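What follows is one structure encoded as structure tokens, with my remarks underneath.
The values are calculated or read from the model by the stated rules, or taken from the named source; none is laboratory data. Predicted model, so just to flag it, every value in this text is computed and none were measured. In this analysis, Cβ positions are derived from the backbone assuming ideal geometry, glycine residues included, and neighbour counts consider all displayed protein chains. Just the protein is used for accessible areas: all its heavy atoms, side chains included, with ligands, DNA and RNA removed. Shrake-Rupley method; radii C 1.70, N 1.55, O 1.52, S 1.80 Å.
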Amino acid sequence: MPTTKEIVYTPLTEITAIKLVKKLNLFSETEALTAREIGDGNLNLVFHITNAKTNESMIVKQALPYAKVVGESWPLSLKRATIESNALKQFGEFVPEFIPDVYHHDETLAVTVMEDLSHLTIARTGLINGETYPLISEHIGTFLANIAFKTSDFAIKPQEKKGLVAQYINPDLCNITEELVFTDPFFNYDTNEFEETLQRDVEDLWADEAVKLEAAKLKQKFLTSSQTLVHGDLHTGSIFANEQWTKVIDPEFAFYGPFGFDLGHFIANLLLNAISREENNRPPLFEHIVRTWKVYTNTWTALWNETNVEPFAENTNYLEYILEQTWIDAVGYAGCEVIRRTIGLAHVADIDGIEDGEKRLHAQRTALRVGRYLLTHQNEIKAVDFQELLK
Ligand code: SR1
Ligand code: MG
């Protein structure tokens, strides 16, 4: 390996990933290690490094300078790896139980070495296989309220917060969301992907000016609102879980954005899984939506009452207003996410994996219908209403 001074960015291989963790003294020189590239996401290399003898293992994640899912024609800043590592450390200070430990970060190599969570399952995979993860909503509600409150102007003095806003400026990754979530699915753009059988439904959406206006407003808020440090891509593929544990990974899209953004994405992905299930297997997902919001509001309210640095916080109507706006935005963001995961560039296996073509088409139509409804009824929908929406 080159010395620190000579380091230049090069994509790692299984061999150089092992050399790196040894050089960092995370494993000793003499240990027999194996490495496997397991990255199945859209953007990064992920190496699973193991010592079979001691069973010790860790993850080496490296950002690529382009979007892997598209190719080198979509360049991406490597700075996202540092943003991700900083966000993991920041979240880890507030809610360590929900975050993997970070062992090392190298800005030049865009590499983060972190705790191996492979004893858990990616929540999307588990949910597709019928798991229900009884604690996931309790955990994600707690996680979201803590990170949203503690990185906001309600917990940090404005000058300090502005420093964080600057630190987390993440234009390339925000651009992905601005295009793939908020823009492209609402127009006849080449990035969209859907089956021919869905063409008429998609054209209906493209012609629906009321829905497009709501998407435009939510995009505007995403572009301009710096309320809190958001994870930025909190779908169920960014969560490891089992019956007892929940761990949030992959905050490379982190930036200062709207309070309701992560909440909306999490809810949307629960909803997409519910849509993919037979009706009698859906209740646990609806219960998770209700519980996430309940835990979020309870946790947020306690933090507000006990730790708020904003003098106006003593006005309880202000607390109610913030929570109400958060929820309304979350419903809208959920609508955009459900739509883009159905007809945009990046789909979800919950729906795409339905083998029967008729059932898949029905699920896609339901997702489009529900996504549109969420966008045009943001002010009316309560957490308990999601069950009704799928009927
Ligand atoms: C080009 S990246 C496509 C999607 O993958 C990521 O996980 C984000 O969800 C992004 O929108
Ligand atoms: Mg990701």
If a residue has to be surrounded by 15 or more Cβ atoms within 10 Å (Cβ to Cβ) and within 30 Å of R341 (Cα to Cα) to count, how many in the range 30-41 make the cut?
3
If you scan the range 230-251, which residues turn out to be open to solvent by 10 Å² or more (accessible area, probe 1.4 Å) and within 14 Å of ligand 1 (Cβ to nearest atom)?
D233, H235, G237, I249, D250
Would you check if L218 is in the same structural domain as V165 (by TED's automatic domain parsing) and either basic (K, R) or open to solvent by less than 20 Å² (accessible area, probe 1.4 Å) (or both)?
yes
Does the range 66-99 hold any residues that are touching a strand residue (DSSP E or B) at 6+ places or on another chain (Cβ under 9 Å), open to solvent by 50 Å² or more (accessible area, probe 1.4 Å) and closer than 19 Å to T13 by Cα, and which are they?
Y66, K68, E72
Name the residues in the range 43-58 that are part of a loop (DSSP other than H, G, I, E, B) and open to solvent by less than 70 Å² (accessible area, probe 1.4 Å), would you?
L43
In the range 347-391, what count of residues is obtained for those that are open to solvent by less than 100 Å² (accessible area, probe 1.4 Å), more than 20 Å from V290 (Cα to Cα) and among the acidic types (D, E)?
3
Taking only the range 176-186 into account, find how many residues are over 15 Å from the mean Cα position of the chain (by Cα) and farther than 20 Å from V202 by Cβ.
0
Residue satisfying condition, being within 20 Å of T292 (Cβ to Cβ), in the same structural domain as T299 (by TED's automatic domain parsing) and more than 16 Å from ligand 1 (Cβ to nearest atom), within set Q167, Q227:
Q227
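Where in the range 113-210 are there helices (runs of 4 or more DSSP H), lying fully within it, with 1 or more residues that are within 30 Å of A313 (Cα to Cα)?
It comes to 136-150, 158-167.
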